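Only one structure is covered here, and it is reproduced in the block below.
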Amino acid sequence: MRILVTGGAGFIGSHVAEAYARQGHHVVVLDNLSRALLLGRTDRNESYAWELLEKVPNVTRVQGSVLDTALIRDVVRASDAIVHAAGQTAVTTSVIDPVTDFEANVVGAFRILEAARATAREIPIVFTSTNKVYGDNVNHLPIVEHERRYAFAPGYEEGVSETLPIDGCKHTPYGTSKLAADLYVQEYARLYKLPTAVFRMSCIYGPRQFGVEDQGWVAHFVISVLSGAPITIYGDGRQVRDVLFVHDLVKAIQAFIGKASSFPDGIVCNVGGGRAFTLSLLDLLDLLERETERRPQLAFASWRPSDQRIYVSDVRRIGALLGWVPETPPVEGVRAMIRWVSEHLELFEPGRDR
């Protein structure tokens with residue numbers, strides 16, 4: 001197949017592109033390499049993955065923007081399937097610059113959808129959405145407090161399902177822009193019969209991720225511990241997330257594209273580690289100490305707006321539709337992350353941008 005991966009120089013996009021290319025498919029990686037401009041720093045994630053993909057057979061790199069209508073028309077027309085992973089990904093950045101957030105997330109997705117509709121072909125599209133579309137409705141679910149973590153109360157153990165309301169709550173500009181794109185993708189499936197998958201993702205982590213404080217918290221903790229950098233915890237550290245190793249996410253994407261013709265009206269699925277694969281911030285610090293014999297310097301600060309005490313994806317729907325389940329336990333995934341960061345410590349020297 002001919003696979004188009006937007007945002008292909010990013011963490012998730014580069015893994016998707018490499019996986020398909022090594023299976024013999026032709027992959028076009030589209031990226032404008034602009035994350036450095038959005039975050040105000042050199043982005044080593046983009047440059048590292050961009051250079052890596054240059055050496056992967058069957059990959060064609062195209063530097064360009066999802067806002068470029070003519071370019072998107074051309075690359076979409078030449079594609080058999082699309083993984084739309086381009087976008088602005090940080091909550092804090094969306095608050096500072098909501099215009100760029102809107103253009104990257106809403107307009108970019110719309111350009112992809114319109115170009116696909118114009119082909120008059122049923123091109124499978126996977127859209128990497130986010131659990132932030134549920135806003136602070138997640139905080140209204142009953143929880144119980146344990147010494148080192150929060151948990152959902154009895155009756156809610158499976159986590160957040162796709163039936164949780166998406167309205168009547170605070171979202172942040174990032175959650176709002178992703179939700180708008182999320183709904184457009186669903187509508188284009190229903191109205192124009194494009195087989196689409198909206199993957200509302202929880203915390204994705206793994207090698208090649210240059211996590212920072214406001215995005216990619218598992219990677220941020222691993223990098224900080226191994227590089228000797230301090231960590232600030234907002235809240236009490238007991239907040240919990242389900243975590244999904246990036247290779248498992250790639251398998252979910254491939255599972256949908258392989259079965260896309262079975263879903264002419266599209267699907268919407270929460271995608272994460274589920275109730276079996278969760279970590280609190282304190283859990284991860286304990287795990288890192290066991291694996292590295294290091295404990296970072298910690299500081300605690302107040303909860304931030306829209307922080308969630310717990311988010312765990314209910315992954316039963318995607319399991320039923322695609323036969324997919326998360327496979328990599330957090331201990332194994334974090335060990336892989338530790339190995340990768342240890343092998344690339346020069347990228348994370350104190351004082352160097354990442």
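The values are calculated or read from the model by the stated rules, or taken from the named source; none is laboratory data. Nothing here was measured: the structure is a model prediction, and the numbers come from that model. Methodologically, a virtual Cβ is constructed for each residue, glycine included, from the backbone with ideal geometry; neighbour enumeration extends over all protein chains shown. Surface accessibility is based on the protein's heavy atoms, side chains included, excluding ligands, DNA and RNA. Shrake-Rupley method; radii C 1.70, N 1.55, O 1.52, S 1.80 Å.
Miscellaneous remarks
- Of the residues making up region 322-351, those that are touching a strand residue (DSSP E or B) at 6+ places or on another chain (Cβ under 7 Å) and part of a helix (DSSP H, G or I) are Pro330, Gly333, Met337.
- Restricting attention to region 287-299 and to residues that are touching a strand residue (DSSP E or B) at 6+ places or on another chain (Cβ under 9 Å) and surrounded by 11 or more Cβ atoms within 10 Å (Cβ to Cβ), the residue that is nearest to Asp236 (Cα to Cα) turns out to be Leu298.
- Hits in region 12-34 - residues which are of a type outside the set (A, V, I, L, M) and modelled with pLDDT under 95: Asn32, Ser34
- Scanning region 150-183 for residues that are in a helix (DSSP H, G or I) and of a type outside the set (Phe, Trp, Tyr) yields Thr172, Pro173, Gly175, Thr176, Ser177, Lys178, Leu179, Ala180, Ala181, Asp182, Leu183.
- For Ser65, the criteria (1) crowded, with 17+ Cβ neighbours inside 10 Å; (2) at pLDDT 95 or above; (3) assigned to a helix (DSSP H, G or I) hold in every case but one, which is (3).
- Residues (within 19 Å of Val315 (Cα to Cα), open to solvent by 50 Å² or more (accessible area, probe 1.4 Å) and either modelled with pLDDT under 95 or in contact with a helix residue (DSSP H, G or I) (Cβ under 6 Å, 6 or more places away or on another chain) (or both)) located in region 158-186: Pro165
- Pick from region 300-321, criterion part of a loop (DSSP other than H, G, I, E, B) and open to solvent by 60 Å² or more (accessible area, probe 1.4 Å), ranking: nearest to Gly258 (Cα to Cα): Arg309
- Test: residue in region 143-152 that is among the small types (Gly, Ala, Ser), out of contact with any helix residue (DSSP H, G or I) (no Cβ under 7 Å at 6 or more places or on another chain) and within 28 Å of Gly266 (Cβ to Cβ): no
- Only a single criterion out of (1) open to solvent by 60 Å² or more (accessible area, probe 1.4 Å); (2) in a helix (DSSP H, G or I) is not satisfied by Tyr134, namely (1).
- Only residues that are free of Cβ contacts under 8 Å to residues at least 40 places away in the same chain and either surrounded by 23 or more Cβ atoms within 10 Å (Cβ to Cβ) or small (Gly, Ala, Ser) (or both) were counted in region 190-236, giving 1.
- Pairs, first over 11 Å from Ser65 (Cα atoms) and assigned to a helix (DSSP H, G or I) in region 103-115, second open to solvent by less than 10 Å² (accessible area, probe 1.4 Å) and small (Gly, Ala, Ser), C-beta under 7 Å, six or more apart: Asn105/Ser177; Asn105/Ala181; Val106/Ser177; Val106/Ala181; Ala109/Ala181
- Once region 68-90 is narrowed to residues that are of a type in the set (A, V, I, L, M) and within 23 Å of Lys132 (Cα to Cα), the residue that is surrounded by the most Cβ atoms within 10 Å (Cβ to Cβ) is Val83.
- Members of region 137-149 that are assigned to a loop (DSSP other than H, G, I, E, B) and hydrophobic (A, V, I, L, M, F, W, C): Leu141
- Unique match (being over 20 Å from Gly175 (Cα atoms) and touching a Ser or Thr at 6+ places or on another chain (Cβ under 9 Å)) among Ile112, Ile123: Ile123
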